[in-house]
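What follows is calculated from the coordinates using simple rules that are stated; it is not laboratory data. As the structure is a computational prediction, the values presented were derived from the model and not from experiment. For neighbour counting, all protein chains shown are included, and Cβ atoms are generated from backbone atoms with ideal geometry for every residue, glycine included.
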Amino acid sequence: MINSINNGNKLEFIKKELKERENNNNLRQLNSIDPKDTVTIIKNGKSLINFSSNDYLGLSKHPDIIAASQDYLNRYGTGATASRLVTGTYDIHGKLEEKIAKCCVKEAALLFNTGFQANCTIIPSLVNQKSLVLCDRLVHNSILQGILLSKAQWKRYKHNDLSHLETLLKKAVLQGYNRILIVTETVFSMEGDRSDVDSLIQLSQQYNTLLYLDDAHALGIMGNKGMGLTANKSGIDISLGTFGKAMGSFGAFITTSKLMRDYLINCCPGFIYTTALPPAVIGSIDAAFDIIPNLDKERDYLLQQINYLQNKLRNLGYQVINSSSPIIPVIIGNEKKTLQLSQFLENNGILATAIRPPTVPKSTARIRLVLSSQHQPKHIDYLINLLKQYHEF
Ligand SMILES: Cc1ncc(COP(=O)(O)O)c(C=O)c1O
């Protein structure tokens, strides 16, 4: 009988999944907010200091970036109207790629529409069923999706444990794979800690693997002139940067060799079959690349505040991951307790979102605090005082 599949209730699996998430305090909901300035948002009519955004330098509201975006919008229109390979490559796309390659001291750059899309689609262009991917235990979901799509075999090495990676490499080189790809993040999105980029390059060269590094959370705030932790380094086949974090905009790019760029233009579906980034976005990024090198003072201030906040939280007795980035995860463990803390902060004027499994491993639910160079000492001290009060309850 036709109706016998799922007893005729084809949506039952959805209800079951959502109910299960609700029971586990893991149900996600969209909460709309209204951005007010670089660190303040309005939620349900209430002003909150934002400690959850990735706008590390407040560039999403920078007047020169907004003006450049408006200028490109007026000159080129709202959309690129086609994919890059059809009629979507304007002079501004190519010029921006040249500028990015120059800023990052790399041979070539290629724009992608988002970091998620880039990771999902580049990885399957590099490896196949006969390949092996070795990735850090905690890589971003977009990297995992790319690996799964590629149908390559894959193994995870313990978080940031390069001796474990080397053990896996030693075995793998004897097993006849056509290619081995090492992929990881330079700054981990949910932990805030860093990879050892030089050692990864060295291992990749020693074992003749491809090396793919996601530099999304380093760009703008780390490395020489804020160009990230992979800029000016050879031996990395692909380095991904995103524009939606410190650049204050939207989209992504890779830096790579001219050879790899040509290959991806021909063989990467997520580049080929999608409309090019719109002019207003290109304008904003172009301006951000002019501004970011001049923000050393802001980066120094941010680093000071990172150290200050981490030390204060540890002294209060919170379990804080040892992070050297603006991402400061406060591990609570239990989902319900994490939501309670997030709600307490929100009731008192602070937005600090709870991050729960499956985004992070089981029993490591956390408040992912994120600092911006725009947070003033009074904002940070206010947060610390609230967390002190909460801890004393
Ligand atoms: C490490 C990492 N890679 C990739 C992405 C995806 O980037 P985008 O927001 O441009 O899709 C993110 C953002 O969540 C990320 O944290």
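Can you name every residue in the stretch 148-183 that is of a type in the set (Gly, Ala, Ser) and in a helix (DSSP H, G or I)? Spell out how you get there, then give the answer.
The initial filter retains those residues of the stretch 148-183 that are of a type in the set (Gly, Ala, Ser), namely 150, 152, 163, 172, 176.
Answer for the stretch 148-183, where residues must be of a type in the set (Gly, Ala, Ser) and in a helix (DSSP H, G or I): Ser150, Ser163, Ala172.
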Gln145 fails exactly one of (1) surrounded by 18 or more Cβ atoms within 10 Å (Cβ to Cβ); (2) within 16 Å of the ligand (Cβ to nearest atom), namely (1)
The condition of being within 16 Å of the ligand (Cβ to nearest atom) and among the hydroxyl-bearing types (Ser, Thr, Tyr) holds, among Thr87, Thr114, Thr81, only for Thr114
Scanning the stretch 20-64 residue by residue, those surrounded by 13 or more Cβ atoms within 10 Å (Cβ to Cβ), among the charged types (D, E, K, R) and under 21 Å from the mean Cα position of the chain (by Cα) turn out to be Asp55, Lys61
When the stretch 148-165 is checked residue by residue, the ones that are under 21 Å from Ser199 (Cα atoms) and surrounded by fewer than 16 Cβ atoms within 10 Å (Cβ to Cβ) are Lys155, Lys158, Asp161, Ser163
Flagged pairs (Cβ under 7 angstrom, 6 or more apart or on separate chains; first in the stretch 130-144, under 20 Å from Leu162 (Cβ atoms); second among the charged types (D, E, K, R) and more than 11 Å from the ligand (Cβ to nearest atom)) are Leu134/Lys155; Cys135/Arg156; Asp136/Arg156; Arg137/Arg156; Arg137/Lys158
Scanning the stretch 117-142 for residues that are away from the ligand (no atom under 16 Å from the Cβ) and part of a loop (DSSP other than H, G, I, E, B), the one nearest to the chain's Cα centre (by Cα) turns out to be Val127
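When the stretch 341-376 is examined, which residues are found to be closer than 28 Å to Arg137 by Cα, part of a loop (DSSP other than H, G, I, E, B) and not basic (Lys, Arg)?
As a first pass, look at the stretch 341-376 and keep what is closer than 28 Å to Arg137 by Cα: 341-342, 352-372.
Still in the running and part of a loop (DSSP other than H, G, I, E, B): 352-353, 356-364, 371-372.
Residues satisfying the conditions are Ala352, Thr353, Pro357, Pro358, Thr359, Val360, Pro361, Ser363, Thr364, Leu371, Ser372.
Identify, please: which residue in the stretch 235-269 is in a loop (DSSP other than H, G, I, E, B) and hydrophobic (A, V, I, L, M, F, W, C) and is, among those, surrounded by the fewest Cβ atoms within 10 Å (Cβ to Cβ)?
Per the stated criteria, the residue is Phe250.
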Among residues of the stretch 283-336 being over 27 Å from Gly241 (Cα atoms) and among the hydroxyl-bearing types (Ser, Thr, Tyr), the residue surrounded by the fewest Cβ atoms within 10 Å (Cβ to Cβ) is Tyr308
